[in-house]
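The values are calculated or read from the model by the stated rules, or taken from the named source; none is laboratory data. Model, not experiment: these values are computed from the prediction. In this analysis, Cβ positions are derived from the backbone assuming ideal geometry, glycine residues included, and neighbour counts consider all displayed protein chains. Please note that ligands, DNA and RNA were not included when accessible areas were found on the heavy atoms of the full protein model with its side chains. Shrake-Rupley method; radii C 1.70, N 1.55, O 1.52, S 1.80 Å.
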Amino acid sequence: MLYPNRIQTALMFDTRADHLEAVMRDFQRIEGIRSNARFHLSEQNPGRFYRLFEGTEELMVTLEYADGPCDERHFAGPLASPYTGIVTPDIRSRIARTYGHVLLEVSHGVMGGVEEDPKIAAMFEAIGRPRSGASQLQFERRLAVLTLLTRIAIDHGMPLAVHWTQSGLLLGGEVFEHIAAGDSVPGPLHIHPQLFRPRAAPDAMPLAGIRTFGARHWLGREIIIEPNVLPWTANFETILAFMRIATGQNGYVISDGDTFGPEDRSLSYRVLHHEAGAMIGVVDPEPADMPLYELVPLKHLAHGFVSPEHVPDDRVVDDRAFPLDIMPADQEAKMALANEWFEKRKLAEGIGGRFEVRHPDAPAAPPPPPAPPPAPAEPGLSGVSGRGVRARVFGRKGL
């Protein structure tokens with residue numbers, strides 16, 4: 001589902017959590033100050049369960065506490081992700097020490113998340129009523145509410161572990177608190193980098209690839225970067241930059257075959273659009289189980305990487321002059337290509353970037369004037385804050 005309605009957080013504690021009502025009261029007060037929303041208590045079982053409802057937005061919030069340890073089998077997916085072990089190496093022992101857990105949930109609509117049932121969703125469409133919470137704005141509102149609610153709960157008691165279900169993240173409480181402090185949406189809290197390695201000889205250079213979980217909630221597709229020599233954190237930063245291009249004001253998804261990167265030309269990635277069933281991967285191709293966007297690294301100067309497929313930055317051609325040596329001979333095809341460049345230029349300029357066409361046989365252009373120094377980067381989690389690529393981005397076509 002593009003914008004899942006019911007989103008949840010599970011917080012695991014090694015002692016009894018007796019602060020649920022205090023969390024609920026603080027949330028009502030803080031969210032009221034922050035957004036002027038008025039959440040009213042509609043149902044409660046003191047110390048165990050609270051249901052809040054905000055009538056203007058039809059937002060429902062529930063807080064529930066349960067005694068007893070958590071079954072590790074509920075977290076099979078997150079535990080299988082290498083990222084989980086990287087950010088919280090002792091996550092299994094934390095789960096084993098769980099005494100009780102708090103489940104927090106946010107949804108839109110009087111009916112809560114029941115509209116996610118396909119039959120009920122079809123019924124709503126048949127009567128011409130839109131599904132509650134079925135927009136990106138409402139989805140991000142639910143994320144903001146759940147993030148605040150979870151952080152308030154952590155302020156009242158640091159959990160051993162937190163399961164953020166929207167992106168399948170399973171983290172130590174202190175790690176979650178650090179990541180959730182960022183303000184980027186989508187950001188590291190919403191995009192789970194599932195790392196994988198190719199089958200290779202024992203003495204081969206270690207390579208790491210990334211397949212996301214969570215990008216589908218904005219793009220309708222996940223994103224993949226095949227294993228390569230770059231650090232996975234550098235590739236993850238680029239994934240987050242790609243998503244900011246797609247979801248920001250006037251944003252768009254980079255076209256199939258085009259490249260993108262920051263204005264300082266410090267890195268460049270090609271974007272490929274794959275449909276379900278497409279064979280992906282050069283070393284060990286496999287059919288895609290769903291539509292995917294693939295990012296292919298072409299250049300990353302910070303890590304001394306330049307692919308043989310990278311067209312040099314100074315091989316720029318004037319696409320407005322319709323260069324005959326790279327335009328097709330057929331007049332209709334020529335006009336179609338010129339119109340394509342025109343539309344792509346409008347998209348790039350719409351986000352404050354620029355569009356250019358490069359060709360390996362074009363004469364070298366004079367170097368551009370030096371760019372102003374970038375703004376200082378905000379702190380993040382060891383290179384995965386999503387803020388490292390702060391310069392404006394632009395699309396380029398390497399023909």
Can you spot the aspartates and glutamates whose alpha carbon is less than 19 Å from LYS346's alpha carbon? Ignore those fewer than 8 places along the same chain.
ASP256, ASP258, GLU263, ASP318, ASP319, GLU356
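I'd like the carbon and sulfur percentage of the solvent accessible area for segment 19-94, probe radius 1.4 Å, heavy atoms only, ligands and nucleic acids excluded. Walk me through the intermediate numbers first.
Numbers: 2080 of 3990 Å².
Roughly 52 percent of what the probe reaches on segment 19-94 is carbon or sulfur.
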Residue-normalised value, i.e. accessible area per residue, for segment 1-89 at 1.4 Å probe, in Å², stands at 51
How many nm is it between the label spots at ILE86 and GLU21, if each spot is 7 Å from the Cα in line with the beta carbon?
4.4
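Please give me the summed charge of the neighbours of ALA208: other residues whose Cβ is under 12 Å from its Cβ, Lys and Arg +1, Asp and Glu -1.
Working: positive: ARG197, ARG211; negative: GLU226.
Computed value for this residue: +1.
Beyond 22 Å, what percent of the Cα pairs of segment 167-296 remain?
Numbers: 3180 of 8385 pairs.
Above the 22 Å cut-off, segment 167-296 has 38 percent of its Cα pairs.
Report the FRET efficiency, 1/(1 + (r/R0)^6), for HIS303 and ARG265, where r is their Cβ-Cβ distance and R0 is 22 Å, rounded to 0.05.
Working: r = 15 Å, r/R0 = 0.67.
Computed FRET efficiency for HIS303 and ARG265 comes out at 0.90.
Using Cα-Cα distances under 8 Å and only pairs 6 or more residues apart, what relative contact order does segment 204-303 have, in percent? Walk me through the numbers before you get to the answer.
On the way: 166 pairs, mean separation 24.5, N = 100.
It rounds to 24 percent for segment 204-303.
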Along segment 65-70, Karplus-curve 3J(HN,Hα) (6.51, -1.76, 1.60; θ = phi - 60°) to the nearest Hz, with x for Gly and Pro, reads 10, 9, 6, x, x, 8
Sticking with the crude label model, points 7 Å out along Cα→Cβ, report the distance from ARG151 to GLU286 in nm, one decimal please.
3.6
The set of residues whose placed amide H lies less than 5 Å from the amide H of GLN194, leaving out same-chain residues fewer than 5 positions away, is ARG211, THR212, PHE213
Derived scalar couplings ³J(HN,Hα) [segment 228-245; Karplus, 6.51 cos²θ - 1.76 cosθ + 1.60; whole Hz; x for Gly, Pro]
8, 7, 6, x, 4, 5, 5, 5, 5, 4, 5, 4, 5, 5, 4, 6, 5, 4
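So with the 1.4 Å probe, I'd like the accessible area per residue for segment 199-300, rounded to whole Å².
Values: 4010 Å² over 102 residues.
Accessible area per residue: 39 Å².
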